[in-house]
Amino acid sequence: GAAGAEPVCQPSCWARGDCGGADQTELIGECPADTAASLAAIVSSGERTQLPDGFGCDEVTDRTACCAFADGRARYAGQECVPARRNAYFQQPGSVCEASCRATDTCPGRHLSAYAGFCAAPSVSKLPAEALVTQAEARVPDTGALRFYVVGSSNAAWQNWPDLMHAILRRMGYNVQLPHTDIPGETDRPTGRRTPKCQDAADFETLNTPRLALQGWSTWGFAYESEDDCDAEGFRTIAGWNVSCTNGWACNAVWRGNVPFVPPSAIAKGVRGAHVVILTNFMNDGRNALYCPHECYGSGKVPDVMDTTDITAENLKRTIRAIHEEDPEIIVLVLARYADAQLIRVRGETLKRNDDINAAVKSKVETEPNTHFVDITFPMDVIIFQTLNGGHANCRGDMVMANNVIEAMYKHGVIAKGLDLGDQDACLGRADCESLDYACCQRSALCYVNTTNECAPYGAGLQ
């Protein structure tokens, strides 16, 4: 590595002069073959290596390596280095490590806590028995191995609910097993944009939760084996309507990404052996009719928002049938489209339309075996949407979604142990957390059972 007062570690392109600065190839050293294993051992042991005098955590360029060091700058007095969150940087792209007081907003400078990640997950704080309900007949016993998979669009990419659900199931005592698959486009965490940092982020941000999270996509992106049936203009016929073969927001190829479509057979093979598959990918079908009808549905007659439920149903059934052809025992849960946003609260004037869309899709897909619809209700007059990613639920909405899916798992006999959830009408908007029992606490969008098993306020998340 570099000698004297020069930095001891740099990104490879910088060291070679490929992204700015002079070519320093002659100064590049070699990492020992067992570097990764040694680094993992250091991180897991909690021991820290002090960086040389004058060198700061901000010069470490790897999130995992960050956890092995303490700051060498005098003003930070050997503070532990803290990595950036997996889907964020501290101050500019590539800035992935900072001194702990900078990462926790306890020393002068820009507030960075919304960007700070974790070196390791804390030990799992099990929920008390009083917060749970049990049943005798279920596929997965109360401490058994459980596998779920999410197939979604931006709500699985720019929100935390799949990861939060993973953590809650672990707190319930389940051995959650979520292997990576060969499904095209899979990610194991929020992707594309930063998400709100929830109060319990330490419980789930170090976990891997494989899922499909393809921003702007609609149901047809997950329903066809090829594009052979697309015409010269790039449309196919679905439920009697012209529908674009281009996946991505507004059916614009610019937003398509690296994966043009995901064959349902690939999804089916990837999720084989899972107990539950959650489909949360029809939200954009109706929005396309409202905001970009001709781009997505052609230059002639276009469907209105309720007509799109026929398109949604045909595509969902294609995906569901492919999954069940491969593994008929999988329970498929179709997650409702949640309410529209009026800035950061629920938009009341479109609630009926949203309810009508959900009711129509529910009636059409629940005819499929082992398939159930999961309703989502957000409280009125509560900050439930993000300021980061408009129209997407914040940590409170994520909690509602995660708890509702877990409730459906219990209701439909997947899990033997479920969450005790109070009456929705009585509890959903309650904010007097310290006075609530566990059931009402877990139903509320504004409360949660914390690691000391107290009902505590649950915020929108740092954004």
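The values are calculated or read from the model by the stated rules, or taken from the named source; none is laboratory data. Predicted, not measured: the structure shown is a model, and the values here were computed from it. A quick note on method: Cβ atoms are made from the backbone with ideal geometry, for glycine too, and the neighbour counts reach across all protein chains shown. With ligands, DNA and RNA removed, areas are computed over all heavy atoms of the protein, side chains included. Shrake-Rupley method; radii C 1.70, N 1.55, O 1.52, S 1.80 Å.
Quick notes on this one:
- Quarter the surface of the alpha carbon convex hull of segment 222-328 and you get the mean projected area, 6.9 square nanometres.
- 5 angstrom amide H check on residue 436, placed H, neighbours 5+ away: none
- The 3J(HN,Hα) values that the Karplus relation (6.51, -1.76, 1.60; θ = phi - 60°) gives for segment 447-463 are, in residue order, 9, 7, 8, 7, 6, 9, 6, 10, 7, 10, x, 10, x, 6, x, 5, 10 Hz. Gly and Pro appear as x.
- Relative contact order %, the chain, counting alpha carbon pairs below 8 Å whose residues are six or more apart: 13 percent
- For segment 154-201, the equivalent ellipsoid derived from the alpha-carbon gyration tensor has semi-axes of 19, 17, 6 Å in decreasing order.
- For residue 248, residues with placed amide H under 5 Å, excluding near neighbours: 217, 218
- Cα radius of gyration and Dmax for the chain (Å): 23.9, 72
- With every protein chain in place, the chain: carbon and sulfur % of accessible area (1.4 Å): 50 percent
- Pairwise Cα separations in segment 368-442 fall into 10 Å bins from 0 onward with the following percentages, short to long: 17, 45, 29, 8, 0.
- Segment 102-111 - phi-based ³J(HN,Hα) in whole Hz, Karplus 6.51/-1.76/1.60, Gly and Pro as x: 5, 6, 10, 6, 10, 9, x, x, 4, 5
- Whole-number D in µm²/s for segment 104-234 (Stokes-Einstein; Kirkwood sum over Cα pairs; 20 °C, 1.002 mPa s): 123 µm²/s
- For residue 133, the residues whose modelled amide H falls within less than 5 Å of its own, excluding neighbours fewer than 5 places apart on the same chain, are 418, 419, 420.
- A Förster radius of 60 Å combined with the Cβ-Cβ distance from residue 299 to residue 452 puts the calculated FRET efficiency at roughly 0.50.
- Ligands, DNA and RNA are left out, and with a 1.4 angstrom probe the accessible area of segment 287-396 is 43 Å² per residue.
- Averaging 1/r across all pairs of distinct Cα atoms in segment 304-463 and inverting the result yields a Kirkwood radius of 17.0 Å.
- In percent, rounded to a whole number, the relative contact order of segment 312-372 is 45, using alpha-carbon pairs under 8 Å and six or more apart.
- Seen from residue 131, the other residues with C-beta closer than 10 Å to its C-beta sum to a net charge of -1, counting Lys and Arg as +1 and Asp and Glu as -1.
- Fraction of the pair-distance distribution of segment 172-288 above 20 Å, Cα-Cα pairs, percent: 49 percent
- Relative contact order of segment 85-126, defined on C-alpha pairs under 8 angstrom at six or more residues apart (%): 33 percent
- Förster-model FRET efficiency, 25 Å R0, residue 345 and residue 142, C-beta, rounded to 0.05: 0.10
- For the chain, the number of Lys pairs with C-alpha atoms closer than 24 Å, counting only pairs eight or more positions apart or on separate chains, is 12.
- Segment 93-177: GluC sites (Glu not before Pro) in DSSP coil with no more than 16 other Cβ atoms inside 10 Å: 137
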